[in-house]
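The values are calculated or read from the model by the stated rules, or taken from the named source; none is laboratory data. Remember, it's a predicted structure, so these values are computed and weren't measured experimentally. Quick reminder, even Gly has a Cβ in these numbers, built from the backbone with ideal geometry, and neighbours come from all protein chains shown. To get the accessible areas, we keep the full protein, side chains included, count just its heavy atoms, and leave off ligands, DNA and RNA. Shrake-Rupley method; radii C 1.70, N 1.55, O 1.52, S 1.80 Å.
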Amino acid sequence: QQLLTLQGSLHSLTLSGFSVSRCPACFFNLMNLFCELTCSPRQSLFVNGTQFTNDTAANKTNVVEVQYYIGTITPHPLTIPTSPDVPVSGMIPMNNKTYGCTEGLEDGSGPCSCQDCSQACGPQPVPPPLLPPWTILVIFSIKKTPIFYLTVNSFPHLSLCVTVDASCGETLGERFESSLRSLFARWGSFCVRQPLVVILGSLAVVATCSGGLVYMKITTDPVELWSSPSSQARQEKDYFDSHFGPFFRAEQLIITTTLQSESVYSPNPAGADVPFGAPLDKDVLHQVLDLQTDIENIVASYGDQKVTLKDICLAPLAPFNDNCTILSVLNYFQNSHEQLDRSVGDEFYVYADYHTHFLYCVSAPASLNDTNKLHDPCLGTYGGPVFPWLVLGGYDATNYNNATALVITFPVNNYHNDSINLGKALAWEKEFIVFLKNYSNPNLTISFNSERSIEDEINRESESDLSTVVVSYAIMFVYISLALGHIHSFRRVLVDSKISLGIAGIVIVLSSVACSLGIFSYAGIPLTLIVIEVIPFLVLAVGVDNIFIVVQTYQRDERMPQEELHQQIGRILGDVAPSMLLSSFSETVAFFLGALSTMPAVRTFSLFAGLAVFIDFLLQISCFISLLGLDAKRQEGNRLDIVCCVKLPVGQEERTDGFLFHFFKKVYAPFILKEWVRPIVVSADIGLDQKLSMPDDSYVLDYFKNLSEYLHTGPPVYFVVEDGHDYLSLEGQNSVCGGVGCSNNSLVQQVYAASLISNYTTIGFNPSSWLDDYFDWVKPQSSCCRYYNSSGAFCNASGNTHTPFTLFFLLLTDLTLYLPLTWSLWSCSGHAAYSSAVVLKGNDTSVGATYFMTYHTILKDSPDFIDAMKMARVLADNITSAMGHNVFPYSVFYVFYEQYLTIVYDTVFQLGVSLAAIFAVTTVLLGFELWSGVLVSITIAMILVNMFGVMWLWDISLNAVSLVNLVMSCGISVEFCSHIVRAFSISVKSTRVERAEEALAHMGSSVFSGITLTKFGGILILALSKSQIFQIFYFRMYLAMVLLGATHGLIFLPVLLSYAGMHRVISQLGKSPSSKLAMEHRLNF
């Protein structure tokens, strides 16, 4: 009976996380103590009988109670009451030699490892102190700077318009400007004279390019969207998947109860009371088990096949044990109502029931015998342990009995390049979601998530928001169609309206998008949802602005004497096309340079956007100009818009300016540039929270909430040792293992040390180590066994501790592949735990890649996930340095969050490259005006800085979606700025203020009506979206983009030009008859 008790005690110790055989000193002390107490020839010296009974029938005396006198020894891990080392009551205490866990034995065994003996660890690691926060001092001023006083006020007698000889650069700039004007004027004249040729040619080009849409592919795989194939996380994921298989799919439930069923368990015959949380009430557990069983019985259809959980679940011991892995507290009771109801007692007391079994199993989850009166196993039906931190939630410290939530996880096999089996898994998951949505139990509150849930909800969100997007675009289309017309009188409303021209302009914008998508589809580049959602908005903003500029310039222009229509429109195009080229080409170059990004979503957006903007410009200066000529002829012929065959009688109509043009020319521009107004004018978290990608009414939101509130364990993390490490040498083994004789800087030891400061490292637990379990298996002292290959019979481990290298791979193969399949009572892990952790190669003669698994601590938001990945990589780098062999960490979320490690650098790079491109193009296309390029770049940089301010104030995080929007805002800002600056540059007025006023009056109304008003109505509709992504990353950012662009382009920039714009100086070259405009001269401040 004593031997059975000892066996149960040792078994319990082993399964609770401490293997006595791993620590030689502890093993020696415990065995020596037990042998002395049970069979020492000197027992009479330290064992004293204190209570006896007489058996008169057998004429014997029975010993009822004895006292052991033991000297001061404390064999780890058991602490035994001791007596002084001096004789007591005539007894001499047993005082055999013991060893501390930091001491080696006489047989040469080394001291215990750090994991088994805290004294052997040395100083406990201490996390470094947190860095102090940055303090940023911002100084604002609304006063004019001294340099502006000097420039504007100090020399009132100095004329701002003088005649000097032009420099070489100025001459080149004027000739470049004149060449552009002449080229565009001739081209515009041709388009009006030959509309059929131009329109049919444009249609042929559009049709050819759009034909690529037949080959269009849309990428919805999040990995392809956010992770570059060359990124570290992507390469590590590919390595892990190719060697160990893809990470399993997880179907998870978090269950709480509405019942106030907390209870207190009082052990019998003695023991302290133990409180039990409400979900651990037996009635609640029975209801949860019914739910779990119903889920196991779900049947889905895939084609003509029926799919059950057993067809797709993770069953590590199949085919010998085909039970699915179910991580549930009910698995402590073998998923059985009968086991849950079992109890042992008499008419007075219950000595053991589900309470005692639960308390035992949470301390020894791999036990096959809980050693109390039930003697039930804790090991799950699938053949592996069920760790309490994975199936319970809402407890404090390790008091699992206080749990306020139950967690059930169904791991499902994932399939790499196997569409049929993946389809079966998706079909079952769909039925799983439907079942839980319809499940009702007044006593249970259930939040759940399936592997497909997020993608399903995003798709549902996109479909539900389709109507919102359609309404948004419809409002913009209607506005464009109506606002282009300049109505002189009610009588001519259908003549002067330009609905058909507006619709044609919109079709041209959409055609440019289709051409861009088609061309890249020909090239095999897949689209993303960001491209589909964002690029039409971008191109509409850019294209509509140019359409308004062309049409409104024509409407305000008066035909010169003897000038024909084609000559007038050609002249107008010569005036405005350089400005259109400036904005479009700046945006195109900026976007194409943005394609240098390593982030797939940003790179794809930049490519498609750059090409779409440039094609839109080409179609506008060709097809749209031809359509404008046709519309002008219709209007001059008094024919109705749309119904061209109907003609109004000729009448005298007074020509008037449009309301916006009149307002900007007579009211707004003079006001904003008044002397007292101008001085007044001069004056983010990182990551994408998963919850933001869900609709407001999504069931997944409850799951995310409970995930943060109840769970104590984060995602698993694998430390992967790449192929090539030498496991045959002692040095190679010691650099990895965590037992006796292993290096203090070994992989297992470093991960263990990191788990001691989990609040800093986010490593929550000691890693599972196949190598240490293998060594335990082959040790003579181990409770595990080996078996004969010939007969399959088992034998007790024997022989030397160090296994000969010739047997290493044979035994390792047995450990990871066969042993637990034929002997289910094996407790030292094996196939269930390590079947995929060790890659054997060369006919099982060498070890390839391996991994060592642990868990992160609970991760609640994006900063937590980012820090977890960062700390795991730091730890892996330290391990790599110590081992001299490459080790990397892998967790399923790394591939999505790696972008945030470099998101700040990527943002600075993308925006910096875009600004540099805008500066270069603006400088060249403004006739090499360097200072004008600087002013445009400064204004756009200010818009971007303000965008970051809005992001902070409006809780918009920095991620790939917001980065795409920032790149787009950089492009749209060009539209707000470049037209004003060019109009200022070519103005012939004498002072800066007059030139700024003229530029604002002529271009301001077109910019305001073409971008601001067009977008404003459409953006407001996005606020009604159910999608949080639309509300935050599109409505908020688009609204900020338009308002900041308008305020900077129409308020700040004209005032800045009135202060710091280039002086207007007429050169000798500019006075020649061949030059229509005066040459500009640049003066330094």
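Considered as a group, the residues in the range 576-595 that are within 29 Å of the chain's Cα centre (by Cα) and modelled with pLDDT under 85 include one that is most open to solvent (accessible area, probe 1.4 Å), and that residue is Leu593. Just the residues that are in contact with a Ser or Thr (Cβ under 9 Å, 6 or more places away or on another chain), surrounded by fewer than 22 Cβ atoms within 10 Å (Cβ to Cβ) and modelled with pLDDT of 85 or more, please, taken from the range 886-905. Asn886, the sole residue that qualifies. Looking across Val934, Val921, one residue alone is surrounded by 22 or more Cβ atoms within 10 Å (Cβ to Cβ), of a type in the set (A, V, I, L, M, F, W, C) and assigned to a helix (DSSP H, G or I). It is Val921. Of the residues examined, Thr598 is one that is in contact with an Asp or Glu (Cβ under 9 Å, 6 or more places away or on another chain), among the hydroxyl-bearing types (Ser, Thr, Tyr) and open to solvent by 10 Å² or more (accessible area, probe 1.4 Å).
Here Val1007 qualifies as more than 22 Å from the chain's Cα centre (by Cα), buried (at least 24 other Cβ atoms within 10 Å of the Cβ), of a type in the set (A, V, I, L, M) and over 20 Å from Ala1060 (Cα atoms). At pLDDT 85 or above and open to solvent by 10 Å² or more (accessible area, probe 1.4 Å): does that describe Ile532? Answer is no for this residue.
Taking the criterion of being of a type in the set (A, V, I, L, M) and closer than 24 Å to Ser521 by Cα, the residues of the range 188-234 that qualify are Leu200, Leu203, Ala204, Val205, Val206, Ala207, Leu213, Val214, Met216, Ile218, Val223, Leu225.
Looking across Gly732, Gly724, Gly741, one residue alone is at pLDDT below 90 and not aliphatic (A, V, I, L, M). It is Gly741. On inspection, Leu573 passes the criterion of being at pLDDT 90 or above and over 30 Å from Ile532 (Cα atoms). Restricting the search to helices (runs of 4 or more DSSP H) fully inside the range 943-1057 and requiring at least 3 residues that are over 23 Å from Ile506 (Cα atoms) gives 960-986, 992-1007, 1037-1047. Scanning the range 609-624 for residues that are hydrophobic (A, V, I, L, M, F, W, C) and in contact with a Phe, Trp or Tyr (Cβ under 6 Å, 6 or more places away or on another chain) yields one hit, Ala609. One residue stands out among those in the range 375-403 that are modelled with pLDDT under 85 and surrounded by 20 or more Cβ atoms within 10 Å (Cβ to Cβ): the one that is farthest from Gly764 (Cα to Cα), which is Gly383.
When the helices (runs of 4 or more DSSP H) confined to the range 215-315 are screened for residues that are under 30 Å from Asp353 (Cβ atoms) and open to solvent by 50 Å² or more (accessible area, probe 1.4 Å), those reaching at least 2 such residues are found at 282-296. Could you give me the residue pairs with C-beta distances under 6 Å whose first residue belongs to the range 559-571 and is closer than 17 Å to Gln635 by Cβ, whose second residue is modelled with pLDDT under 90 and part of a loop (DSSP other than H, G, I, E, B) wherever it lies, and which are 6+ apart or on separate chains? Final answer for the pair search is Gln568/Arg559.
Candidates in the range 207-228 are the residues that are of a type in the set (A, V, I, L, M, F, W, C) and more than 20 Å from the chain's Cα centre (by Cα); of these, the one that is farthest from Tyr897 (Cα to Cα) is Ala207. Within the range 176-186, can one find any residue that is open to solvent by 90 Å² or more (accessible area, probe 1.4 Å) and not in a helix (DSSP H, G or I)? Looking through the range 176-186, none of the residues is open to solvent by 90 Å² or more (accessible area, probe 1.4 Å) and not in a helix (DSSP H, G or I).
Residues in the range 555-570 that are at pLDDT below 85 and either touching a helix residue (DSSP H, G or I) at 6+ places or on another chain (Cβ under 8 Å) or open to solvent by less than 10 Å² (accessible area, probe 1.4 Å) (or both): Arg556, Asp557.
As a summary of the residue check, Gln749 satisfies the conditions (1) touching a Phe, Trp or Tyr at 6+ places or on another chain (Cβ under 8 Å); (2) open to solvent by less than 20 Å² (accessible area, probe 1.4 Å) except for the one numbered (1). With respect to Asp545, determine if the residue is over 24 Å from Val967 (Cα atoms) and in contact with a helix residue (DSSP H, G or I) (Cβ under 7 Å, 6 or more places away or on another chain). Taking the combined requirement at face value, the residue does not satisfy it.
Of the residues making up the range 353-374, those that are at pLDDT below 90 and not hydroxyl-bearing (Ser, Thr, Tyr) are Ala364, Pro365, Ala366, Leu368, Asn369, Asp370, Asn372, Lys373, Leu374.
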